[in-house]
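Report on the structure given below.
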Amino acid sequence: YASVMANARAVSQCPPQHLRKSADGKTEIVESSPAATVFRRPNPYETFAQFILNMIAQQGFDGNAYALVTRDDVGRVLRLDRLDSGTCHPMVDDGELFYSVGSNPFVADGVQYVVPQREILHLRVLTPRHVLIGESPIKAAALAAGVNVALARSQATFFSQMSRPSGVLSSEMPLNKDQLASLREAWSQQSQKMAQGHVPILSGNLKFQPMGI
């Protein structure tokens, strides 16, 4: 949480600007364009700093962040409304990219529907499993942590059992079931004490052959 929020706060402190280059090569800041208006306040209930902080944080936690674009009659962007990443999903139909959009309490008629790619702002991180769906660093770390826990548990079980298969007992004499059970029990009782210096004594032409791992 601290790592994700530190990154989100850093990004939120970098407000965007609409810049225009004049014919003489000079760059000026445009204050009255639709883009500049959205950069100042992307929607009626959030400043741009609040909007981008939540977008970057959601991207860090979920791997994806979505915002719905609302345009005027001539196609200019009027507002951006953040969406729940759990209710949005990219889909491809006839070679074109669309997004399924879930409900949003701040958007009129915000029921589930499908919109083309141009109407969605989609921020995503690394996409190792699906080219359009990001996977958060937290999920990737969780997978690695789960493997590490499983390995540690397996190692603890292995080394806690002093009767682990570190070798085999062999004999040229035929042994029946009762003799095998008796030898196995006797060896187990002695081998579990090896860490304390106890040494099993073999008889009956038995030989111990160590196994390396």
Counting only the heavy atoms of the protein chains, how much of residue 9 is accessible to a 1.4 Å probe, in Å² to the nearest 10? 110 Å²
Using a basic spin-label model with each label point 7 Å from the Cα along Cα→Cβ, how many nm lie between residue 169 and residue 130? 5.7 nm
Treat each spin label as a single point 7 Å out from the Cα along the C-beta direction, and report the residue 113 to residue 153 distance in nm. 4.8 nm
Burial order of peptide ranges 54-64, 169-179, 76-86, 29-39 (average beta-carbon count within 10 Å, highest first): 54-64, 76-86, 29-39, 169-179
Residues of the range 67-90 with amide N under 19 Å of the 7 Å Cα→Cβ point at residue 143: 90
Net charge of neighbours whose Cβ lies under 13 Å from the Cβ of residue 98, counting Lys and Arg as +1 and Asp and Glu as -1: -3
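The values are calculated or read from the model by the stated rules, or taken from the named source; none is laboratory data. A quick note: this is a predicted structure, and the numbers were derived from the prediction, not measured. All Cβ positions, glycine included, derive from the backbone under ideal geometry; neighbour counts span all protein chains shown. Quick note on the areas: whole protein, heavy atoms, side chains included, nothing else; ligands and nucleic acids left out. Shrake-Rupley method; radii C 1.70, N 1.55, O 1.52, S 1.80 Å.
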